[in-house]
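Written out below as structure tokens is the structure these notes cover.
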Amino acid sequence: MAVQEDSKMNEETDNKKTVIKSEGVGISFFSGNHAADFKSRILDFFQTWKLPERNLIHPLKDITFEGREGEILGIIGSNGAGKSTLSRIIAGILKEDYGVMEVKGKVTALFSFGMGFNQELPGRENVYLNGLMLGIDKKEIDKYIQDIKDFSDLGEFFEQPMKYYSSGMKSRLGFSVAANLHPEILVIDEALNTGDAKFSQKASAKMKSLVKDAKMVILVTHSLRYAQRNCNRIMWLDKGEVREIGDPKTVIANYRATVPKRNVQRKRRKLELRKTETEMTDNVVIRAKDVSVKYKLTTGDFWALKDVNFEVREGEVVGIIGHNGAGKSTLCKTLTKILRPDAGHMELYGETSALLGYGTGFNPHLTGEDNIYLNALLLGIPKRRVDEKYDQIIEFTGLGDKVKKPVKDFSSGQKARLGFSIAANLQPDIFIVDEALSTGDLAFQQKASERIQEMMSRAKVVIIVSHSLSFIEKICTRGIWMDQGRVMFDGTVEEAVYKYKESQGLLRKPIQKRPVRRGQGAVKGNINRSGYRQQKVVNKKSGTGKVNTKQPPKNQDVNQKTTYK
């Protein structure tokens, strides 16, 4: 496949030194050739009386490109395109089967959140563990340990076991370790997807400062907007081949053009109908009364949730937002009965299905097919129902024959596809998605959005936890903003996002508009402060629309009790 290279970008980078040079690099393996799956292969043989087929797979084919000193190179593409495989070859974790990969410099790699961390060790000790695994000696880590702590913004959690960390907090610490130990070449593979907006801005500034002192940064991501803002060049991988390299805006536009288009008119009408005209029923599906959850840390009791009160009615799609460590994931675990409240109580009226991060509940050594049953049974869904929906689940994943392979061979995006397909196709009464779509590609996010809207039409309650505020605004009918375990605002999703952005200093400066001359006609309709046209909201009972003006205390008192309605 021919590679299109932007000529202007070549002129700008020709004078810079080549840091990475890849010439015709490829990697291949035989499917079904997994030592860890020997037991499964023997069982399959006795069931079918024939050995499984072994096909030659090419995750990467003839990869040719150059990485220049001082640049941030973005790598994009759909799930399974070969992005993570290429990252691992650059980092030296995998060895190419043919071609030549020449890397001039020491590579520091950050692969997804939590990789290389020990859940029982505190954050400080995990810094040393992660740093040593990256090949950095202890004396060097000693020198920068305070910088890492300050950059991560974890506060007292830096000294606590990582099993109490949210996915976003793990993401913060992982990036802080990799970026503050002065890497020569930094590879970031989907490691910032669960970070909140404020930390993403901080990480963006750090990456740009790194390329001044280091040699280059490679960013693998599904966030096209983030890639366009921060990368000097973009490489688009498609089915293991380089489709295009060049100017970020051009390459991303070409990639977007290949994503299958939705029936926009029909779906938009359905979304507007749900958000503005359909009345919510009076049937309460979830009721939280003074819910509080505490963790016993080495420094004493920490209240991850404190006096949380809300009701969710049938037909609502609720988005829960807040920075890392605000209590969002703890609330989801309470809703799914993984955690029990230490005070107050949570009432659920219906069957709950949850997708808590990609890969949660998967056995890496089992195939995707086997993990469908494992994941469903962990969710409390009977095998009979899985049998009925099995073909629909397989079709919805869009993974094809990949589902017959062990999950350990799946990319993070493919795990997200499989997990969402299981939970969404089993028609639960209450569907909870906690950052599980952060690694999905553009096409699957569109597909997932449509499925969530279909679930809305069946009067199911959907709760979505995400740092993607645009995704929350697009899908949800109501927003709950949390901070330090408390509900700060509960009301329309546009207001919730606006107030959260305002508190984090994320609002863009207003554009100075020229005065409208007479006869030019102004836009009709009221526009709210977030720039959205005010819509008629029929459901007056959902959310109070009030801001909790009482700031969460820094030193939480165990005996304190405050109720916010």
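So for region 90-194, what percent of the C-alpha to C-alpha distances run longer than 23 Å? Tail of the P(r) past 23 Å holds 25 percent of the pairs. Measure up Lys170/Lys408; Lys106/Lys328; Lys206/Lys501 against 31 Å on the Cα-Cα distance and list the ones that go over. The pairs that break the limit, which is 31 Å between Cα atoms, are Lys106/Lys328. In this simple spin-label approximation, Asp387 and Met133 carry label points 7 Å from Cα along the Cα→Cβ vector, and these lie 4.1 nm apart. Model label points for Lys212 and Asp150, set 7 angstrom from Cα along the Cα-to-Cβ axis, are 1.6 nm apart.
If you wrap the tightest convex hull around every Cα atom of region 363-408 and split its volume per residue, you get 62 Å³. Dipole orientation for region 62-122: of the candidates Leu110, Gly70, Tyr98, Leu110 has the Cα lying most toward the positive pole (charges on Cβ; Lys, Arg +1; Asp, Glu -1). Between Asn283 and Lys474, the contour length at 0.36 nm per residue exceeds the alpha carbon distance by 66.3 nm.
We did not get these values from a lab; they are worked out from the coordinates using the rules stated. What you see is a predicted model, and the numbers here were worked out from it, not measured in a lab. With ideal geometry, Cβ positions are generated from the backbone for all residues, glycine too; neighbour counts draw on all protein chains shown.
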